[in-house]
Amino acid sequence: MGSIIRALLSLLSATQMSAQIIDGKATAATLRKDLAIRTQQLIAAGSPPPGLAVILVGSDAASEIYVRNKRKACAEVGFNSRAIDLPVETTENTLLTLIAELNQDESVDGILVQLPLPDHIDAAKVISAITPEKDVDGFHPHNIGLLVQRQPGLRPCTPKGIMYLLEQTEVDFHRSHAVIVGASNIVGRPMALELLLAGVTVAVCHRFTEDLASHVARADILVVAIGKPGIVQSQWIKPGARVIDVGVNRNDDGTLLGDIEFATAKQQASWITPVPGGVGPMTIAMLLSNTLEAAGLRRKS
Ligand code: GUN
């Protein structure tokens, strides 16, 4: 083939680039299988199954789905799943008393309080009440502090899952510039800490960021975690970027969509996560992984 034709073909493929899909659903399924085997080994060695208490206060529709999925995954890998559903009018004191009991309960290795909590409950106070050894969400100030100090203990699940997915794409972290859109305690902030720990140059954009497009355009790794579609536009994305869409939004017809328009972003990116089937299943797999880790550490001590 002549060199001119080859050059034309490569130009054509560059202009019609279509990203590879980062399959979080399949990756999480493989991880769950491994966790199930390790759980069986723990039990065969005479240990009780890892126990995870998942607390839901109120009846937020999205939270109910997330919690159901977490409990189901937990039971499937052989953990002891403790489901605690409390009415929306539950007081902060009742919740704090329950957490104090679960902190003392030998059969419980992990405690998760689904967020958001009703407005009359101080989420920061509740998270701080969980003993750090059972904080499988990795949100306790102690565990966040360890991540800040480059000595991670239990790590926040969504960023941990995203790091695992990025590693599968064989990205060169040290030569990458990451842009995170969204600065929440659950995703954006711990995501920045994880990427920093891996040697990535990181920028975090938030509601006060001016000229978001210019930041997004510099991203080799783009993580969007806003929870609203349309704020990041596909044409801003740097060609060849790895794009991680954390958003889970619902169309009028009930179908799910991310924060980024998938079909157009796919033409710009080299790798991209779909919604559903991208980050969501990885968050749950990492919750299970944290629970097994917490169980292992508690049984050793
Ligand atoms: N709400 C949305 N994501 C999460 C999560 O990872 N953990 C908890 N506890 N609540 C959430």
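The values are calculated or read from the model by the stated rules, or taken from the named source; none is laboratory data. Source: prediction; values computed, not measured. Virtual Cβ from ideal backbone geometry, glycine too; neighbours counted across all protein chains shown. For the accessible areas, the whole protein counts, side chains as well, though only heavy atoms, and no ligand, DNA or RNA atoms are used. Shrake-Rupley method; radii C 1.70, N 1.55, O 1.52, S 1.80 Å.
Computed values, structure above
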read-out: Listed peptides 40-49, 77-86 by packing density, highest first (mean Cβ within 10 Å); value: 77-86, 40-49
read-out: Fraction of antiparallel bridges per DSSP, segment 1-159 only, in percent to nearest 5; value: 0
read-out: Compactness of the chain, expressed as Rg and Dmax over alpha-carbon positions, Å; value: 20.6, 76
read-out: Residues residue 213 and residue 148, FRET efficiency given R0 of 35 Å [Cβ-Cβ distance, rounded to 0.05]; value: 0.70
read-out: Environment charge of residue 63, counting only residues whose C-beta is closer than 11 Å and scoring Lys/Arg +1, Asp/Glu -1; value: -1
read-out: Helix axis angle, 92-104 relative to the chain longest principal axis, alpha carbon, degrees; value: 80
read-out: Accessible heavy-atom area order of 37, 180, highest first, probe of 1.4 Å; value: 37, 180
read-out: Members of 70/160; 125/160; 33/266; 72/266; 33/70 lying beyond 21 Å, as alpha-carbon distances in this model show; value: 125/160; 33/266; 72/266
read-out: Helix 157-168 vs. the chain, principal-axis angle (Cα, 0 to 90°, nearest 10); value: 40
read-out: Eligible lysines near residue 300 by straight Cα distance, threshold 16 Å, same-chain separation 8 or greater; value: 134
read-out: Calculated [θ] (222 nm, deg cm²/dmol) that DSSP helices of n ≥ 4 give over the chain, each run adding -39,500 (n - 2.57); value: -14000 deg cm²/dmol
read-out: Highest-MSF residue in the chain out of 286, 17, 191 [GNM, Cα springs under 10 Å]; value: 17
read-out: Sequence-separation-based contact order of segment 225-287, relative, with Cα cut under 8 Å and 6+ spacing, percent; value: 38
read-out: Average Cα contact separation per residue, the chain, under 8 Å, 6 or more apart, as relative contact order %; value: 21
read-out: Under-5 Å amide H pairs with residue 181, H placed in peptide plane, nonlocal only; value: 205, 223, 224, 225
read-out: The chain: antiparallel DSSP beta bridges as a percent of all, rounded to 5; value: 5
read-out: Kirkwood Rh and Cα Rg combined as Rg over Rh, evaluated for segment 130-207; value: 0.97
read-out: Solvent-accessible heavy-atom area per residue, rounded to whole Å², over the chain at 1.4 Å; value: 50
read-out: Alpha-carbon gyration tensor eigenvalues x 5, square-rooted, for segment 42-183, Å; value: 27, 20, 16
read-out: Residue with peak Gaussian network fluctuation, the chain [Cα springs, cutoff 10 Å], from 251, 290, 103; value: 251
read-out: Added length on full extension, which subtracts the Cα-Cα distance from 0.36 nm per residue, residue 167 to residue 299; value: 44.5 nm
read-out: J(HN,Hα) series, segment 108-123, from Karplus relation 6.51 cos²θ - 1.76 cosθ + 1.60, nearest Hz, glycine and proline x; value: 10, 9, x, 10, 10, 9, 5, 10, x, 9, x, 4, 7, 10, 7, 4
read-out: Heavy-atom accessible area order for 89, 167, largest first, 1.4 Å probe; value: 89, 167
read-out: Positive minus negative residues near residue 178 (Lys, Arg vs Asp, Glu; Cβ under 15 Å); value: 0
read-out: Separation in nanometres of the label points that stand 7 Å from Cα toward Cβ, at residue 250 and residue 91; value: 3.2
read-out: Solvent-accessible area of residue 184 with every protein chain in place, 1.4 Å probe, in Å² to the nearest 10; value: 50
read-out: Accessible-area composition of segment 73-211, carbon plus sulfur, in percent [1.4 Å probe]; value: 50
read-out: Alpha carbon centroid spacing (whole Å) that separates segment 100-115 from segment 190-216; value: 33
read-out: Segment 101-148: Rg to Rh, with Rh as the Kirkwood radius over Cα pairs; value: 0.97
read-out: Using θ = phi - 60° and Karplus 6.51 cos²θ - 1.76 cosθ + 1.60, couplings along segment 24-33 (whole Hz; Gly, Pro as x); value: x, 5, 5, 4, 5, 5, 5, 4, 5, 4
